[in-house]
1. Based on this model, can you work out whether Tyr121 counts as crowded, with 16+ Cβ neighbours inside 10 Å and within 14 Å of the ligand (Cβ to nearest atom)?
2. Phe55 - would you say it is within 13 Å of the ligand (Cβ to nearest atom), in a helix (DSSP H, G or I), within 29 Å of Asn120 (Cα to Cα) and not polar (S, T, N, Q)?
3. Out of (1) away from the ligand (no atom under 11 Å from the Cβ); (2) touching a residue at least 60 places away in the same chain (Cβ under 8 Å), what's the single condition that is false for Lys139?
4. Considering each residue of the stretch 145-154, count those that are small (Gly, Ala, Ser) and surrounded by fewer than 18 Cβ atoms within 10 Å (Cβ to Cβ), and give that number.
5. Please work out which one of (1) crowded, with 20+ Cβ neighbours inside 10 Å; (2) over 30 Å from Lys79 (Cα atoms) is the condition Ile12 fails and give its number.
6. In the stretch 1-40, what residues are part of a loop (DSSP other than H, G, I, E, B), under 21 Å from Trp177 (Cα atoms) and more than 16 Å from the ligand (Cβ to nearest atom)?
7. Within the stretch 74-86, can one find any residue that is among the small types (Gly, Ala, Ser) and within 16 Å of the ligand (Cβ to nearest atom)?
Amino acid sequence: MKKIMVDMDDVICDGGFLSLVNQFLGTNYQKGDIKTYYIQDLIPKEKYPEWMEFFNTKNVYDFCEMLPDTYEVLEKLSKKYEIYIATAYIFRDNEEYSANNLKNKFEYLYEHLPFISPDNYIFTTNKEIIDCDIKIDDKLSNLKGKAETKLLFTAYHNTEIPKEELEKQGVLRVNSWKEIEALLYK
Ligand SMILES: [Mg+2]
């Protein structure tokens, strides 16, 4: 069986981080307002300690939604491929809060994707070391390393990467799980 590496945030589920940022700031930012990969860059630097305290009392995945068709397509693909979920859990600016994030990620996956064994969860920041036939991620740099098929999942922060750049890196853009199904479930 071929192996697929699937990213979690903004590929399986999204919205949680932005929802918490809006709750904290009293704002109503939408996905289209964000230009950077790190949504927390919307928080003014001086408010950061307060934000992390707030964030640490919440489970970001309580505010996430699963992206359309994720469950159905992944379940279908799991009959034909070995599915691995690869997701980073270390907070860039606050490593000390990461253990909680790891726990929240585990619980979300365990509850929402019961057909994928926890043995197939990979918690790492460096996905380049992962050797899979197919990689699906919304962050271009996570598609580095070995793989015969590399799929960039469209997300708020990557819409402006030109097609030529993707071609140069041997990457194909996909906009939905239905598109992934069409490509991989032939
Ligand atoms: Mg992601």
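Taken together, the values in this text are just the output of simple stated rules run on the coordinates, not laboratory data. Computed from a predicted model, the values in this text were never measured in an experiment. No Cβ is skipped: glycine too gets one built from the backbone with ideal geometry, and neighbour counts run over all protein chains shown.
1. No, not satisfied.
2. No: the conditions fail for Phe55.
3. With (1) away from the ligand (no atom under 11 Å from the Cβ); (2) touching a residue at least 60 places away in the same chain (Cβ under 8 Å) applied to Lys139, the lone miss is (1).
4. Within the stretch 145-154, residues that are small (Gly, Ala, Ser) and surrounded by fewer than 18 Cβ atoms within 10 Å (Cβ to Cβ) number 1.
5. Failed condition: (2).
6. Residue satisfying the conditions is Met1 alone.
7. Within the stretch 74-86, one or more residues are among the small types (Gly, Ala, Ser) and within 16 Å of the ligand (Cβ to nearest atom).
Yes/no matrix, rows are residues, columns are (1) within 14 Å of the ligand (Cβ to nearest atom); (2) closer than 16 Å to Tyr84 by Cβ; (3) crowded, with 17+ Cβ neighbours inside 10 Å:
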| site | (1), (2), (3) |
| --- | --- |
| Ala99 | no, no, no |
| Phe115 | no, yes, no |
| Asp133 | no, yes, no |
| Leu143 | yes, yes, yes |
| Tyr156 | yes, no, yes |
| Glu160 | no, no, no |
